[in-house]
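What follows is a single structure, written as structure tokens, with notes after it.
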Amino acid sequence: LVLLPRETATAARRALSLCGGVLLPSLFPFFVLSGIVLGTGLGARLGRLAAPLMRPLFRVNGTGAAALVLGLLGGYPIGASCAVSLHESGTCSQTEAERLLAFCNNSGPSFVLGAVGAGIFGSMRIGVFLYLVHIVSALLVGLLFRFYRYRDCPIPEQSVPVKPPLSLPSALYHSIQDGLRQTLNVCAFVIFFAVLSAIFTGFSIFPAGNPLCVGFLEVTSGVSVLPVSDPMRAFPLAALLIGFAGVSVHCQTLSLFSDTDLRPAPYLLGKGLHGLLSYLLALPLAHWLFTTQTAFAPLFSVRPHSLAWGIFGGCLVLVALVLAKRAGKPYNRENQ
């Protein structure tokens, strides 16, 4: 910082501009919306619907569906936090929790659709396909990790201790508070690792403007320097960076289970595989997307704001249906 004051200050200002121009408007509304959906009990209901698939496909306790669903909805590091909580509560074994950590800690739609698709590429359509690649790659990692410590027998099925759902006003209040905290937390990591990347570049440890080197440290800064004018090259690189997640996300995630018996190696191996598989899947998809006119183009050519309002309205309808269903039940401790 003393030897490179101009470079580090410029990197911090650029990261602040990225946070204010891309991350805050894209992440904060989605964090709030995800909090409303999860707080009112809809996320738990989705997890219970997916539970019968978890044991045959991924060889984990069916309750691990909560970690998968919440990770895909809420983004880093919600999936890992849920997996650690399941293990600490005795709901899943050490091996099952390590399997979950390998493929359930994923980027959420708020970052991929808003920050990367609409913010970096200027196209919600590209963000949708990036998110599909991200999901498929995560599920493939889960299928591979079903063979991790294969001789360990999973524990019998158990029910997940679920918190009572909140009312819509209470969920909105807590979601706004948590959403602001999570967004500022992400921005803080982006700024710190942007400055660190500038130091590495200034001392020629990293080549200047290389998205792979920058994204290795922090995914948001990495995708922000992608060669978007060459989408055939930028699209697979974006998939790779989002799948791997970067050292910044790994620092946040590893801190969640540093005091437990869970080992970091399965998680880190899983994220490495996630990035590699995402890149391999994105290569042929990029050729198909940017050399042909797809039948899906009219669907994803709508403005990002219009699509966001549509998602928001649909989620509010789902929340209203959940609350209406709960309203018709008699009061007791099980459904309060």
Solvent-accessible heavy-atom area per residue, rounded to whole Å², over region 241-295 at 1.4 Å: 46 Å²
Could you work out the pair-distance distribution P(r) of region 1-113 from its alpha-carbon pairs, with 5 angstrom bin width and percents rounded to whole numbers? 2, 12, 17, 18, 14, 10, 8, 7, 6, 3, 2, 0
Summed side-chain charge close to residue 14 - residues other than residue 14 whose Cβ falls under 15 Å, Lys, Arg +1, Asp, Glu -1: 0
For all pairs of alpha-carbon atoms in region 218-273, what percent lies in each bin of width 5 Å, listed from the first bin to the last filled one? 4, 19, 24, 19, 14, 10, 6, 3, 2, 0
Under the 7 Å Cα-to-Cβ spin-label approximation, residue 88 and residue 49 lie apart by a distance in nanometres of 2.9 nm
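Roughly how many percent of the accessible protein surface of region 20-95 is carbon and sulfur, given a 1.4 Å probe and a whole-percent answer? If you can, show how the numbers build up before the last one.
Details: 1820 of 2530 Å².
C and S fraction of accessible area: 72 percent.
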For residue 148, put the label point 7 Å out on the Cα→Cβ axis and report which residues of region 104-134 keep their amide N under 18 Å from it. 104-107
Provide the packing ranking of 191-200, 264-273, i.e. peptides ordered by the mean count of other C-beta atoms within 10 Å per residue, highest first. 191-200, 264-273
Expected vector for region 189-201, Karplus 3J(HN,Hα) from phi with 6.51, -1.76, 1.60 and θ = phi - 60°, integer Hz, x for Gly and Pro, equals 5, 4, 5, 4, 6, 5, 5, 4, 5, 5, 5, 5, 5
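What does the charge count around residue 265 come to, taking other residues whose C-beta lies under 14 Å from its C-beta (Lys +1, Arg +1, Asp -1, Glu -1)? If you can, show how the numbers build up before the last one.
Working: positive: 99, 149, 263, 271; negative: 98, 261.
Charge balance near residue 265 sits at +2.
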Sequence order, region 117-132: Karplus ³J(HN,Hα) from phi using 6.51 cos²θ - 1.76 cosθ + 1.60, θ = phi - 60°, Hz rounded, Gly and Pro as x, gives x, 6, x, 8, 7, x, 8, 5, 4, 5, x, 4, 5, 4, 5, 5
Net charge near residue 187: determine it from the other residues with C-beta under 14 Å of the C-beta of residue 187, scoring Lys and Arg +1 and Asp and Glu -1. +2
The extension gain from residue 132 to residue 168, computed as 0.36 nm times the residue separation minus the Cα-Cα distance, is 10.0 nm
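Keeping all protein chains in place, calculate the accessible area per residue for region 2-150 (probe 1.4 angstrom), answer in Å².
Numbers: 5270 Å² over 149 residues.
For region 2-150, the per-residue accessible area is 35 Å².
The values are calculated or read from the model by the stated rules, or taken from the named source; none is laboratory data. The structure presented is a predicted model; accordingly, all values stated were derived computationally and were not measured. So basically every Cβ, Gly included, is an ideal-geometry build from the backbone, and we count neighbours across all protein chains shown. These accessible areas exclude ligands, DNA and RNA; they are computed on the full protein's heavy atoms, side chains included. Shrake-Rupley method; radii C 1.70, N 1.55, O 1.52, S 1.80 Å.
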